[in-house]
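Every read-out reported here was derived from the displayed coordinates using simple, explicitly stated rules and does not represent laboratory data. Source: prediction; values computed, not measured. Positions of Cβ are generated from backbone atoms using ideal geometry, with glycine treated the same way; all protein chains shown enter the neighbour counts.
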Number of protein chains: 2
Amino acid sequence: MNVIIVGFGFIGKETVRALYKKMDIIKRLDEEFRIIGISDSKGYIYNEKGLNLEKLINIERLSDYMAYNESGSAEELIEKRDVDLMVEATPTNIKNGEPGLTFIRKALKRGIHVVTSNKGPLVVAFKELTTLAKMNNCQLLYEGTVAGALPVFSLVRKCLQGDKIRRIMGILNGTTNYILSKMYFEGTSFELALKEAQERGITERDPSYDVDGIDAACKIVILANALMNKDIRFEDVKRTGIRRITQEAVSLAKKANYAIKLIGVIDKRIEVAPKLVPINHPLCVHGTLNAIHIESDLAGRITLIGYGAGKETVSAIMNDIFTILKDLRKS
Amino acid sequence: MNVIIVGFGFIGKETVRALYKKMDIIKRLDEEFRIIGISDSKGYIYNEKGLNLEKLINIERLSDYMAYNESGSAEELIEKRDVDLMVEATPTNIKNGEPGLTFIRKALKRGIHVVTSNKGPLVVAFKELTTLAKMNNCQLLYEGTVAGALPVFSLVRKCLQGDKIRRIMGILNGTTNYILSKMYFEGTSFELALKEAQERGITERDPSYDVDGIDAACKIVILANALMNKDIRFEDVKRTGIRRITQEAVSLAKKANYAIKLIGVIDKRIEVAPKLVPINHPLCVHGTLNAIHIESDLAGRITLIGYGAGKETVSAIMNDIFTILKDLRKS
């Protein structure tokens, strides 16, 4: 299998690192596995015989690797012969999905399997892309797009195969959960908690993305379309952020054994809004943790808790890559 | 696919009910799917053309079904021609694994896929049975044996395929968790909490099985052997129950924001013992809930919470059946 990685930011680099670390296990599934190309926003590196991973994990910028094609684009890389799988890890843009959307479209049209951790393209064009994948007989996997390391799509598709999902509720944004936890445990104001989150570098550049529930709403769009047979867009999510949550409200809830959490819900409702959660409810996790609560006809209620962002997201990307490798072995 | 169900107690009946309810989806995977035989401890029913599920879900005892073979044994049923899959749901016996162990051995030797929710055979003979399955080129799946509806084996094998598991910790017994939660929230003594659990019918006949950590230790044996490459037996689990947990200890812990929980651990240690768990830790769930906390190299920490017993266990059995159905379709 010949792999290209599009995007060499934090996730792209961590993916290369994980592939290098796990190469022994991977080679047992596919002796011919290799990374043949990597692009960043300015150019790419390419070697049809496979790039040197040991060198790759020690460079900061892609241009530090030998034979960096300065004027090349990711699209050129996708057009190279014999590409079997693209890992797409470009920056998220939820307005138009670009540049990832163009790259994923192009790859799928060429019959290239795609693994992505980028919400943008799926929020903008979920139906188009999944249809395109089916038509071209290839896989489009996106475990890393929702709740980082939490394997929610695989859980539903591979571990609850007999179940019908009735409701999904989740804490899907670590930054707002950090802010609300700080208000809950330390009695700080929203403004102060936000400022600290910003100083610790756990907010997006535009805090609105987190605190107004935009990020969580994007995840709700993907979850609803992928796991609950909906066909919704970002605009269909009723959305209320946490800006107007006061310290008084948090304290009052706390006295009654509740915490205020920013919860995404998919059932008859499709919404993201602050809600009172009983402190003993499995969903009531704190700090930057994410949690997803699934209600289904057979299993009843299952909650999955873990890291929703950061390098742990690579676990989801690796699982998607292994899924494709194993499916190819079977066929 | 021709299926037999061995054991027609609570789980056997709920499995028939779930198969009946999901027959539409199942038939889409395998038009020829049918249940051809069911046994209980005294006899069996059999029809090579398929049993009538609508009748089956309305009877209390198997002998109420037409043509009940009163003198027949489950072993005879396993020997019938054309059996492809056995769902084994006989009562658990952790001393010698019987009668399930004999049935599973026999089925695997005949190349019949096995799905079981019965801990006994796997605690007694994990290595023997998994080797037997491999040798006979058939699947032995046992998702329902540990933590009921929680799909921990599938989660690790299908959703964390790139991860190396470093530690598993869990609340694996709902009865002791109910007792400890009652002591924590209502300030009752161990004795009173146990009595109430017994009155509510959530303990085993012999309370020692729960409160001395025997049940949890059995689950640790299966988890360690299945997911962490161990080769251990029941005797290898260091085990301390909760009989000596006093109300005073629980209150003291509570004041310091901890709860006392019966925790199974697999790392360098292999043990079941009461431990202090911070009340904000994802593992700190209450009532009869189970929780499993998995530490791995890529995903970091993932916690899975849900119902560890009861009819929800059928979700695990159904998922195993779907796994076998889908694998057969691919091959």
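Between A:Ala249 and the same site in the other copies, what are the distances in nm, shortest first, taking label points 7 Å from Cα along the C-beta direction?
4.3
Quick one: 3J(HN,Hα) in Hz for region A:257-266, Karplus 6.51/-1.76/1.60 with θ = phi - 60°, rounded, Gly and Pro as x.
Per-residue couplings from phi come out as 6, 10, 10, 8, 10, 7, 10, x, 10, 10 Hz.
So how many Å³ per residue does the convex hull of the Cα atoms of region B:157-307 work out to? Show your work: numbers first, answer last.
Numbers: hull volume 16.5 nm³, N = 151.
It comes to 109 Å³ per residue, whole-number rounded.
Taking H as built 1.01 Å from N, whose amide H comes closer than 5 Å to the amide H of B:Ile94, not counting residues under 5 places away?
none
In whole Å, what is the distance between the alpha-carbon centres of region B:46-71 and region A:74-112?
Their Cα centres are 56 Å away from one another.
Please identify which residues in region B:122-137 have an amide N closer than 18 Å to a label point set 7 Å out from the Cα of B:Asp327, following the Cα→Cβ vector.
B:122, B:126-137
Can you list residues whose amide H is under 5 Å from A:Arg167's amide H, if they're 5+ apart or on another chain and H is modeled 1.01 Å from N?
For A:Arg167, whose amide H was placed from the backbone, the distant partners under 5 Å are A:Glu295.
Modelling each spin label as a point 7 Å along the Cα-to-Cβ direction, I'd like the B:Lys109/B:Ser63 distance in nm, to one decimal.
Modelled inter-label distance: 3.0 nm.
Can you tell me how region A:284-331 classifies by the Cα gyration tensor, rounded, prolate or oblate, using a/c under 1.5 as the rounded cut? Let's see the in-between values first.
Working: a/c = 6.23, a/b = 1.38, b/c = 4.51.
Oblate.
Can you give the charge dipole size of the protein assembly as shown about its Cα centre, rounded to the nearest 20 debye, using +1 on the beta carbon of Lys and Arg and -1 on the beta carbon of Asp and Glu?
220 debye
Rounded to the nearest 0.05, what FRET efficiency do A:Ile202 and A:Lys238 give with R0 = 25 Å and r taken as the Cβ-Cβ distance? Could you check?
0.45
Anything over 31 Å Cα to Cα? Flag those among B:Lys158/B:Lys255; B:Lys230/B:Lys261; A:Lys326/B:Lys119, in the order listed. All intermediate terms of the calculation are to be shown ahead of the outcome.
Values: B:Lys158/B:Lys255 40 Å; B:Lys230/B:Lys261 25 Å; A:Lys326/B:Lys119 29 Å.
Beyond 31 Å: B:Lys158/B:Lys255.
Give me a comma-separated list of calculated 3J(HN,Hα) values for region B:316-331, in order, Karplus coefficients 6.51, -1.76, 1.60 applied at θ = phi - 60°, integers in Hz, x for any Gly or Pro.
3J(HN,Hα) across region B:316-331, in whole Hz: 5, 4, 5, 4, 4, 4, 4, 4, 5, 4, 5, 5, 5, 4, 6, 8.
Per DSSP H run of at least 4 residues, take -39500 (n - 2.57); add these up for chain B, divide by its residues and hand me the 222 nm value, nearest 500 deg cm²/dmol. Write out the running numbers ahead of the final one.
Details: 12 runs with 124 residues, N = 331.
Only helices count here, giving -11000 deg cm²/dmol.
Non-local amide H neighbours of A:Gly310 (under 5 Å, H modeled in plane, Pro and chain starts lacking H): which ones?
none
For the protein assembly as shown, what proportion of DSSP beta bridges, expressed in % and rounded to the nearest 5, is antiparallel? Could the numbers behind the result be given before it?
Details: 65 of 99 bridges.
Counting only bridges with both partners in the protein assembly as shown, antiparallel ones make up about 65 percent.
Rounded to two decimals, what ratio of Rg to Rh does the protein assembly as shown give with C-alpha atoms and a Kirkwood Rh?
Details: Rg = 25.9 Å, Rh = 26.3 Å.
Radius of gyration over Kirkwood radius for the protein assembly as shown works out to 0.98.
What FRET efficiency would be calculated for the residue pair A:Thr246, A:Lys268, taking the C-beta separation as r and a Förster radius of 45 Å, to the nearest 0.05?
Values: r = 29 Å, r/R0 = 0.65.
The value I calculate is 0.95.
Quick one: 3J(HN,Hα) in Hz for region B:153-167, Karplus 6.51/-1.76/1.60 with θ = phi - 60°, rounded, Gly and Pro as x.
Result, rounded to whole Hz: 5, 5, 4, 5, 7, 10, 10, 10, 5, x, 8, 9, 7, 9, 7.
Consider just the alpha-carbon atoms of chain B and return their Rg together with their Dmax, both in angstrom.
Rg then Dmax for chain B, in Å: 20.4, 63.
Rounded if a/c is under 1.5, else prolate if a/b beats b/c, else oblate: with a ≥ b ≥ c from the C-alpha gyration tensor eigenvalues square-rooted, which is region A:52-187? Can you show the working numbers first?
Numbers: a/c = 2.12, a/b = 1.32, b/c = 1.61.
Since a/c reaches 1.5 but b/c is at least a/b, the shape of region A:52-187 is classed as oblate.
Separation of region A:249-308 and region B:290-306 by C-alpha centroid, Å?
Using only Cα atoms to place each centre, the spacing works out to 18 Å.
Over 25 Å between Cα atoms: which of A:Lys219/A:Lys254; A:Lys127/A:Lys238; B:Lys22/B:Lys106 fall into that group? Intermediate values should be presented prior to the final figure.
Working: A:Lys219/A:Lys254 28 Å; A:Lys127/A:Lys238 20 Å; B:Lys22/B:Lys106 28 Å.
From A:Lys219/A:Lys254; A:Lys127/A:Lys238; B:Lys22/B:Lys106, over 25 Å: A:Lys219/A:Lys254; B:Lys22/B:Lys106.
Under 8 Å for C-alpha pairs, at least 6 residues apart: give me the relative contact order for chain A, rounded to a whole percent. List each step's numbers first, then the result.
Values: 663 pairs, mean separation 60.6, N = 331.
Value for chain A: 18 percent.
With the alpha-carbon atoms as the only input, what is the per residue convex hull volume for region B:196-271 in Å³? Kindly include the intermediate steps, with their values, before the conclusion.
Values: hull volume 9.2 nm³, N = 76.
Taking the convex hull of the Cα positions in region B:196-271, it is 121 Å³ per residue.
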